[in-house]
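Q: This is the structure, below, for whatever I ask next.
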Protein chains: 2
Amino acid sequence: MDINNLCLGTLCLTDASGYEIKKMFEDSFSHFQAVSFGSIYPALAKLSDQGLVSYREEAQEKRPNKKVFSITPEGRQHFFDNLMQTEPSEQYRSDFMVLMMFAHLLPEQRLEQIMQTQISQVSAELEILKGISESCCELTPGMRFTLEYGIAANTAVLELMQRRHKPLLKEIARHQQGKEKR
Amino acid sequence: MDINNLCLGTLCLTDASGYEIKKMFEDSFSHFQAVSFGSIYPALAKLSDQGLVSYREEAQEKRPNKKVFSITPEGRQHFFDNLMQTEPSEQYRSDFMVLMMFAHLLPEQRLEQIMQTQISQVSAELEILKGISESCCELTPGMRFTLEYGIAANTAVLELMQRRHKPLLKEIARHQQGKEKR
DNA sequence: ACATACATGTAAATAGTTACATGATTTC
DNA sequence: GAAATCATGTAACTATTTACATGTATGT
């Protein structure tokens, strides 16, 4: 699912500027999809050239002008076709896990720091997701599901980290001593 | 954490060929890190030029020759420095979640199919992780932890999908009818 | 006969991210 | 006085994937 389709999808929900599209993903769906200005503006320009979106320029008081994009019937069809074809694949890349994989090479203090950072980040993410789920009432059932999904995954790994944190440090220390003796 | 460091890390554990490094990640740690030949061979060549790894060519019977790489003391130091500096960041990108986000635009049959595919994939992943965890005894405590982490996350989302699968389809159908009436 | 495992490597294409450029307004 | 929010856009860079090229041996 590329940035073009994410723009089309968002514009199926409501008209929006590039800035607003980015804001929406950053605020509510960053747990499964990143977006940056450097990709969103060229994407909207390209979609406009292809006739899949149109836009009107809106002047604002005390704010810069904005380009408000709307999806065209062709854009809607194009997006629908993509939804019907796209496979539900996933990719996860974690530096935290790579660091943990080589935990036995690190001093205890550094490991403690890595664990604490990860616990903080997952906790923060969890609070954000819960916050959106509670406060926002304009969500579709599918959107609510993505929040539930994030909450379930984050809750589970947070519980694991809190439970295994201390024992793990001991196991690693024991492993390091075992290696030294040989 | 780039491919160079993944190679150095693997070679801290044992000498290996490019093929073997890829196999190790593919077999046991693909749940948080992808590797492909197109990135691994150039990376090893570069590391060799920099003096961070060395290699010997090994002839094999009934098999092509292989280049067996070893980490040098400089390589070990370089990898350690990186482990000390790398932040435990994570990125997750999910087409499944994007599809679910726009579930209200899809026919029930397609939604059913997406859900079933995701359930199968998560189940399969879970079985693989449990399999490695049980059968493989040469894992460091940190590696075991990465498996536990994957098991925890996948178990939680699988439970969620099984529990919310049917009710969600009904909620979405209701939402679609609500839209039509307006 | 066909697919898979073993084994290495290159080149083109993809899909981004990061940094830069600009500038008003508001909040701390 | 600094940082954040609003707002759009470009260009260089990075990292990686995909496809191609080559070849043996084994299993189905």
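The values are calculated or read from the model by the stated rules, or taken from the named source; none is laboratory data. Note that the structure is predicted; figures quoted are calculated from it, not measured. We place every Cβ from the backbone using ideal geometry, glycine too, and count neighbours over all the protein chains shown.
Q: What pairs come up if the first residue lies in the stretch B:166-181 and is in the same structural domain as B:Phe102 (by TED's automatic domain parsing), the second is not β-branched (Val, Ile, Thr) and not in a helix (DSSP H, G or I), and their beta carbons are under 9 Å apart, counting only those six or more places apart or on different chains?
A: B:Ile172/B:Leu106
Q: Hey, among B:Leu147, B:Leu139, B:Leu129, which residue is under 19 Å from the mean Cα position of the chain (by Cα), under 27 Å from A:Ala173 (Cα atoms) and surrounded by fewer than 21 Cβ atoms within 10 Å (Cβ to Cβ)?
A: On the way: B:Leu147 fails: surrounded by fewer than 21 Cβ atoms within 10 Å (Cβ to Cβ); B:Leu129 fails: surrounded by fewer than 21 Cβ atoms within 10 Å (Cβ to Cβ).
Among B:Leu147, B:Leu139, B:Leu129, only B:Leu139 is under 19 Å from the mean Cα position of the chain (by Cα), under 27 Å from A:Ala173 (Cα atoms) and surrounded by fewer than 21 Cβ atoms within 10 Å (Cβ to Cβ).
Q: Let me ask another. Could you tell me whether B:Ala124 is buried (at least 18 other Cβ atoms within 10 Å of the Cβ), within 30 Å of A:Tyr149 (Cβ to Cβ) and either touching a residue at least 60 places away in the same chain (Cβ under 8 Å) or in the same structural domain as B:Val157 (by TED's automatic domain parsing) (or both)? Please lay out each step first, then the result.
A: Details: buried (at least 18 other Cβ atoms within 10 Å of the Cβ): no; within 30 Å of A:Tyr149 (Cβ to Cβ): yes; either touching a residue at least 60 places away in the same chain (Cβ under 8 Å) or in the same structural domain as B:Val157 (by TED's automatic domain parsing) (or both): yes.
No, not satisfied.
Q: Also, quick follow-up: Restrict the check to the stretch A:92-109 and report whether at least one residue is out of contact with any helix residue (DSSP H, G or I) (no Cβ under 7 Å at 6 or more places or on another chain) and either in contact (Cβ under 8 Å) with a residue 40 or more places away in the chain or more than 10 Å from chain B (Cβ to nearest Cβ) (or both).
A: Yes, the conditions are met somewhere in the stretch A:92-109.
Q: I would also like to ask the following. Looking at the stretch B:19-72, which of the residues that are of a type in the set (Gly, Ala, Ser) and either surrounded by fewer than 13 Cβ atoms within 10 Å (Cβ to Cβ) or more than 13 Å from DNA strand D (Cβ to nearest atom) (or both) is nearest to the other protein chains (Cβ to nearest Cβ)? Walk me through it before giving the result.
A: Of the residues in the stretch B:19-72, the ones of a type in the set (Gly, Ala, Ser) are B:28, B:30, B:34, B:36, B:38-39, B:43, B:45, B:48, B:51, B:54, B:59, B:70.
Now drop any that are not either surrounded by fewer than 13 Cβ atoms within 10 Å (Cβ to Cβ) or more than 13 Å from DNA strand D (Cβ to nearest atom) (or both), which leaves B:28, B:36, B:38, B:48, B:51, B:54, B:59, B:70.
Values: B:Ser28: 10, B:Ser36: 12, B:Gly38: 16, B:Ser48: 21, B:Gly51: 20, B:Ser54: 20, B:Ala59: 31, B:Ser70: 16 Å.
Here the answer is B:Ser28.
Q: For the condition out of contact with any Asp or Glu (no Cβ under 9 Å at 6 or more places or on another chain) and within 23 Å of A:Glu138 (Cα to Cα), what is the one hit in A:Phe69, A:Phe37, A:Phe29? So that I can check it myself, show each step before the final result.
A: Numbers: A:Phe69 fails: out of contact with any Asp or Glu (no Cβ under 9 Å at 6 or more places or on another chain); A:Phe37 fails: within 23 Å of A:Glu138 (Cα to Cα).
Selected residue: A:Phe29, the only one of A:Phe69, A:Phe37, A:Phe29 that is out of contact with any Asp or Glu (no Cβ under 9 Å at 6 or more places or on another chain) and within 23 Å of A:Glu138 (Cα to Cα).
Q: Inside the stretch B:1-110, counting only strands (runs of 3 or more DSSP E) that do not spill past its ends, which hold 1 or more residues that are within 11 Å of DNA strand C (Cβ to nearest atom) and closer than 30 Å to A:Ile114 by Cα? Don't jump to the end; show me each part of the working.
A: Values: elements: B:53-60, B:63-71, B:90-94.
It comes to B:63-71, B:90-94.
Q: For the stretch A:110-124, what are the residues that are facing another protein chain (nearest Cβ under 7 Å) and more than 14 Å from A:His165 (Cβ to Cβ)?
A: Passing the criteria: only A:Arg110.
Q: So, one more: Test B:Glu138 against the criterion of being more than 8 Å from chain A (Cβ to nearest Cβ), modelled with pLDDT under 95 and assigned to a helix (DSSP H, G or I), and give yes or no. Break it down stepwise before answering.
A: Numbers: more than 8 Å from chain A (Cβ to nearest Cβ): yes; modelled with pLDDT under 95: yes; assigned to a helix (DSSP H, G or I): no.
Considered against the rule, which asks whether it is more than 8 Å from chain A (Cβ to nearest Cβ), modelled with pLDDT under 95 and assigned to a helix (DSSP H, G or I), B:Glu138 comes out as no.
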